[in-house]
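Structure, as structure tokens:
The values are calculated or read from the model by the stated rules, or taken from the named source; none is laboratory data. Here the structure is a predicted model, which is why all the values come from computation and not from measurement. Ideal geometry is used to build each Cβ from the backbone, glycine not excepted, and the neighbour counts take in all protein chains shown.
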Amino acid sequence: MLGTGDPALTNPSLRAKYKSAYLRAVPLPEQVATIYRHLTTSDYRNPDALLLVASYGVRINSAHPRATAVA
């Protein structure tokens, strides 16, 4: 159950799909074009459709353990 006070999100007909991934590289231009095409298609109307991209901006395990203050 979605707990929110926002009337737009308490609509019982809303649906959601979630997908998570840790990407190793930025998306290719073709991938960005595909995302845009699917979010702007005219045969499916959903003004609340969105894509959330959370950037972490780190390189895990890039430093040798002895090169840090805490191993």
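Filter the stretch 24-51 for residues that are assigned to a loop (DSSP other than H, G, I, E, B), exposed (fewer than 10 other Cβ atoms within 10 Å of the Cβ) and either touching a Leu at 6+ places or on another chain (Cβ under 7 Å) or not β-branched (V, I, T) (or both) and give the result.
Residues satisfying the conditions are R24, A25, L28, S42, D43, Y44, R45, P47, D48, L50, L51.
Restricting attention to the stretch 52-63, does a residue exist that is exposed (fewer than 10 other Cβ atoms within 10 Å of the Cβ) and either in contact with a strand residue (DSSP E or B) (Cβ under 9 Å, 6 or more places away or on another chain) or modelled with pLDDT of 80 or more (or both)?
Looking through the stretch 52-63, at least one residue is exposed (fewer than 10 other Cβ atoms within 10 Å of the Cβ) and either in contact with a strand residue (DSSP E or B) (Cβ under 9 Å, 6 or more places away or on another chain) or modelled with pLDDT of 80 or more (or both).
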